[in-house]
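The values are calculated or read from the model by the stated rules, or taken from the named source; none is laboratory data. Just so we're clear, the structure is a prediction, and the values are computed from it rather than from any experiment. So basically every Cβ, Gly included, is an ideal-geometry build from the backbone, and we count neighbours across all protein chains shown.
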């Protein structure tokens with residue numbers, strides 16, 4: 001178990017007409033994917049089409065130094081110049097840092113290995129010093145359970161774990177073996193305990209990227225393991241939050257299978273589902289008084305695509321007995337804004353909120369708007 005303990009007095013929250021709360025409260029901020037890899041490795045080998053009628057004939061590899069997928073060809077690479085490595089590492093989260101520090105805890109999906117030396121086998125690699133930059137910006141905990149964590153193989157993955165430990169940045173979603181990867185992080189403040197678990201549905205590096213007994217890797221999104229982990233964690237905490245990097249519908253919609261799986265996790269005892277992966281922001285669902293965030297889009301990245309939109313953060317206000325409020329905070333993500341996002345205001349914020357409102361309504365969940373923030377009320381347990 002990875003544990004962070006911090007103390008603080010109970011406080012009263014005044015927000016959008018909410019009355020002063022006598023009970024202690026804690027705020028948990030979550031965002032989607034953070035990948036600060038400024039050099040992407042295009043593939044050096046492409047494969048020709050196989051004959052679907054001939055089961056013994058596989059696609060032929062073609063060596064091509066210029067080869068890259070159609071997806072990569074339209075990627076916008078950011079041509080940024082920095083005076084120092086420190087400036088480069090602190091750059092992406094600089095404008096969001098005040099919002100992170102204002103929350104009691106902040107969680108993100110770290111969708112890149114952190115290593116200075118490991119061989120790039122996939123597209124991403126970020127300097128190890130980024131762990132300390134994230135921690136300084138206000139991040140409390142990240143998940144390494146995603147499809148890019150093994151972009152530099154097992155060596156880079158182990159470098160990532162060391163970098164996070166050195167920075168005192170807590171992590172879930174993977175470990176030095178399966179037992180380590182299943183360990184929760186428990187956050188505590190004002191007498192409220194939040195337990196976090198993390199899992200990934202797939203990896204770009206396929207099966208070898210998943211943790212197993214005696215093998216480092218990311219924690220598989222195995223429903224049997226997850227439900228067992230929830231059951232063990234539940235008596236220790238007030239809230240169980242489950243981070244899932246899942247292959248949801250590539251559009252802003254939520255697939256029926258995705259929704260069914262989320263409901264199963266809630267039925268198993270999860271209070272918060274922190275979903276991520278797709279760059280298209282999705283809606284938020286209240287199910288049996290519990291909160292499911294399917295995908296808030298990206299937070300920061302070293303490249304973008306023409307069809308990637310603005311995104312959002314989610315701020316949960318947690319009382320001792322129930323989630324009292326869910327706030328949706330729109331953030332910039334179009335074009336080079338994804339390299340250093342900020343809180344949106346005015347028409348840009350409203351466009352994001354109207355999209356989330358529409359997609360949440362499709363999930364039988366009402367979201368109202370107050371200025372530049374979306375508000376979802378959660379009933380008592």
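A few points about this structure:
- Filtering segment 133-143 to residues that are out of contact with any helix residue (DSSP H, G or I) (no Cβ under 6 Å at 6 or more places or on another chain) and either closer than 9 Å to residue 115 by Cβ or buried (at least 20 other Cβ atoms within 10 Å of the Cβ) (or both) leaves 134, 139, 140, 141, 142, 143.
- Identity of the residue in segment 60-72, modelled with pLDDT under 75 and exposed (fewer than 10 other Cβ atoms within 10 Å of the Cβ), that ends up nearest to the chain's Cα centre (by Cα): 71
A quick yes/no check of all residues on (1) within 26 Å of the chain's Cα centre (by Cα); (2) at pLDDT 75 or above; (3) buried (at least 16 other Cβ atoms within 10 Å of the Cβ); (4) not in a loop (DSSP other than H, G, I, E, B):
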site	(1), (2), (3), (4)
32	yes, yes, yes, yes
37	yes, yes, yes, no
55	no, no, no, no
58	no, yes, no, no
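- The set of residues in segment 216-251 that are over 26 Å from residue 140 (Cβ atoms) and either in contact (Cβ under 8 Å) with a residue 60 or more places away in the chain or part of a helix (DSSP H, G or I) (or both) comprises 223, 224.
- Flag: residue 344 matches the condition of being under 28 Å from residue 304 (Cα atoms), free of Cβ contacts under 8 Å to residues at least 40 places away in the same chain and buried (at least 19 other Cβ atoms within 10 Å of the Cβ).
- Of note, residue 157 does not satisfy the criterion of being modelled with pLDDT of 95 or more, in a loop (DSSP other than H, G, I, E, B) and in contact with a helix residue (DSSP H, G or I) (Cβ under 9 Å, 6 or more places away or on another chain).
- Condition check for residue 212: surrounded by 21 or more Cβ atoms within 10 Å (Cβ to Cβ), under 20 Å from residue 146 (Cβ atoms) and at pLDDT 95 or above: no
- Members of segment 162-183 found to be assigned to a helix (DSSP H, G or I) and surrounded by fewer than 19 Cβ atoms within 10 Å (Cβ to Cβ), listed by number: 162, 165, 166, 179, 180
- Residue within segment 105-123 that is part of a helix (DSSP H, G or I), modelled with pLDDT of 95 or more and over 21 Å from residue 339 (Cβ atoms) present: no
- Qualifying residue in segment 189-204 (condition: at pLDDT below 95, out of contact with any strand residue (DSSP E or B) (no Cβ under 8 Å at 6 or more places or on another chain), crowded, with 21+ Cβ neighbours inside 10 Å and part of a loop (DSSP other than H, G, I, E, B)): no
- Scanning segment 252-264 for residues that are surrounded by 20 or more Cβ atoms within 10 Å (Cβ to Cβ) and either assigned to a loop (DSSP other than H, G, I, E, B) or touching a residue at least 60 places away in the same chain (Cβ under 8 Å) (or both) yields a total of 2.
- Any hit, segment 265-285, residues being out of contact with any strand residue (DSSP E or B) (no Cβ under 7 Å at 6 or more places or on another chain), farther than 30 Å from residue 154 by Cα and surrounded by fewer than 23 Cβ atoms within 10 Å (Cβ to Cβ): yes
- Entry remark, segment 282-315: residues being in a loop (DSSP other than H, G, I, E, B) and under 12 Å from the mean Cα position of the chain (by Cα) number 4 in total.
- Taken together, the criteria place residue 136 among residues that are out of contact with any strand residue (DSSP E or B) (no Cβ under 9 Å at 6 or more places or on another chain), at negative phi and in a helix (DSSP H, G or I).
- Only residues that are more than 18 Å from the chain's Cα centre (by Cα) and closer than 16 Å to residue 360 by Cα were counted in segment 316-332, giving 1.
- Residue that is surrounded by the fewest Cβ atoms within 10 Å (Cβ to Cβ), among those in segment 286-298 that are in contact with a helix residue (DSSP H, G or I) (Cβ under 8 Å, 6 or more places away or on another chain) and closer than 23 Å to residue 238 by Cβ: 288
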